[in-house]
Amino acid sequence: MTGLRGRASIAGGALIIAALGGFALPAATTTAPALAATTPAQGVDVASFQHPSGATIDWPDMASSGVTFTGVKASEGKYYTNPYYKTDTAQAVAAGLYVTPYIFANPYPSTSDGTAVQQADYGATVIKSSTAYTNNHMLPVTLDIEPNPYTNSNQCYGLSQSAMQTWISQFMTEIKKDLGTSKTPIVYTTADWWNACTGNDTAFSAYPLWLASYGVTNPALPAGWNNYTIWQYGQGTVDGISGIDQDELGPVLQVALAGKAIAAVRLRTLNSLAGQAVTYSASGLPPGLTLNSASGQITGTPAAGDIGHQYT
């Protein structure tokens, strides 16, 4: 994603948390605590760019290399369908991967690009065209909302912050209507773009966050989110495909200070099994902290002498 899924892409069970530039916007600062010692689940995301000259992706080999989930571009605006979407989703699911289809948003106000509602409707039609759409390995849809890849200026697509907030809200309302409300859509974005183009809007924090942030150890978060569900941390070569985006599922961390009550923390999951109950468990929590197995909330006041404890 991150620009590479713009014009370049045109040219060219349950998954649960497992531990898991170039434009003139203010730089975000790193605020997240250090990551716990875990081995996060690894993923990739693909578009037509990963099919040079019509080359296929060997999804069984991808799975064998340790990849457990993938994003697959479905559409962009109301004008583009990824010609490999149906094949990639079906083959990835058959290989045992979890798949989130993503819609690349083009909020520029023009008739040809489409309104938020039109782009959601267009993308939903593409997504439902896949034979894998109803498979339990299909994760919620992702809204890919990021810097405008078609110009070095006007990175917010010519929209004011309030207009961008409205656009995103309209898209989310429509895509949930199109695809059903059992799977909460995911928001893919960068902290810099989100804060600049939505005005640090916190209204969308109920949606899982797929965060793009390269070259850092602990990525800064957009306004409204206190954790990421997926982190796109860089690009590399995976199973022979070079220049592929690399992702991992993210941890839920909070630093506990002795004698200080902590805010409730909800452990976010990507539950692809609609209608099935999700339960939570935890081990090694500091004294004074408890987990609600039904809601996934950790609450309490850490005991004295337990400063700086991190938990997942």
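The values are calculated or read from the model by the stated rules, or taken from the named source; none is laboratory data. Because the structure is a prediction, the values reported are computed rather than measured. Using ideal geometry, Cβ is built from the backbone for each residue, glycine included, and neighbour counts are taken over all protein chains shown. Side chains are part of the model used for accessible areas, which takes the heavy atoms of the whole protein and leaves out ligands, DNA and RNA. Shrake-Rupley method; radii C 1.70, N 1.55, O 1.52, S 1.80 Å.
Brief remarks on what is shown
- Those residues of region 137-154 which are under 20 Å from the mean Cα position of the chain (by Cα) and over 15 Å from residue 71 (Cα atoms), in sequence order: 146, 147, 148, 149
- For the criterion of being of a type in the set (S, T, N, Q) and touching a strand residue (DSSP E or B) at 6+ places or on another chain (Cβ under 9 Å), residue 134 fails.
- Qualifying residue in region 230-250 (condition: within 26 Å of residue 140 (Cα to Cα) and at pLDDT below 70): no
- Filtered residues of region 205-221 (kept if over 14 Å from residue 144 (Cβ atoms) and open to solvent by less than 20 Å² (accessible area, probe 1.4 Å)): 219, 220
- Residues (under 11 Å from residue 194 (Cα atoms) and assigned to a loop (DSSP other than H, G, I, E, B)) located in region 209-224: 221, 222, 223, 224
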